[in-house]
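Asks: Structure in structure tokens, see below.
The values are calculated or read from the model by the stated rules, or taken from the named source; none is laboratory data. These figures come from a predicted structure and were not determined experimentally. Reconstructed Cβ throughout: ideal geometry from the backbone, glycine too, with neighbour counts over all protein chains shown.
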Amino acid sequence: MVELFLEGGEFMWPILVLWILGLAIGIAKVILLFNAGVNTRKFMANIRSSLKEGGINNALEICENTKGPVASIMHAGLSRAKDGVESAEKAITNAASIEMAFLERGMIWLGFVIVVAPLLGFTGTVWGMIAAFDAIKQANDISPAVVAGGISQALLTTLFGLIVAMTVQLFFNLATAKIDKLIIDMEESSADLVDTLIDMKAGA
């Protein structure tokens, strides 16, 4: 594998750097997103029971002791619940926008690696073909032995660039799926909290 990498020429090194960068960001992002998830149904059941039994302060304490974006937006809404349901809804909306920005942070770099790695590979391919035709020109011969080196370099850079893009794409898709799941959880939890606050106001 190392020999094939070295045979690929100079373009293999920036592709390798992109691979390391993509894997580092992708692994860190996936771990972070999976750690941010909670059992939403159980969490919201605890919030509802705390609101009914101990009031807003008890529910806020549960949010403070729970990690993840769902707990963060619930905390924001409950913090403004005393000012009315509309204030709570506005706080939830603002907090959700901030949390979504945090969830999507770093995804642009994964997309960058996925796009640029194959382009570098194709650039290496072009460079290898130029080297092959230059060898033909220098040797004034079109035999396979003359062009083999340049063609081999061209194929290796393309292959490596595609491998990098495919592996980083896997982490991109995993992260995107988890982000979508967290967004749905935030939306459902927000609606649930607002309904609970409305019911409490009506029953007061």
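Asks: Give GLY128, GLY150, GLY111 a once-over and let me know the one that is at pLDDT below 90 and in contact with a Phe, Trp or Tyr (Cβ under 8 Å, 6 or more places away or on another chain).
Replies: Unique residue meeting the criteria: GLY150.
Asks: Only one of these is of a type in the set (A, V, I, L, M, F, W, C), modelled with pLDDT of 70 or more, out of contact with any Cys (no Cβ under 6 Å at 6 or more places or on another chain) and over 30 Å from LEU103 (Cβ atoms): LEU182, LEU156, LEU162, LEU174. Name it.
Replies: After ruling out the rest, the residue left standing is LEU156.
Asks: Which helices (runs of 4 or more DSSP H) does the stretch 47-116 wholly contain that include 3 or more residues that are surrounded by fewer than 17 Cβ atoms within 10 Å (Cβ to Cβ) and of a type in the set (S, T, N, Q)?
Replies: Hits in the stretch 47-116: 85-104.
Asks: Here's a follow-up. Can you pull out the residues in the stretch 34-89 that are free of Cβ contacts under 8 Å to residues at least 12 places away in the same chain and within 22 Å of LYS181 (Cα to Cα)?
Replies: Listed by number, the residues that qualify are ASN39, ARG41, LYS42, ALA45, GLU64, ASN65.
Asks: Return yes or no: is LEU32 assigned to a helix (DSSP H, G or I), at pLDDT 85 or above and closer than 16 Å to VAL194 by Cβ?
Replies: In short, no.
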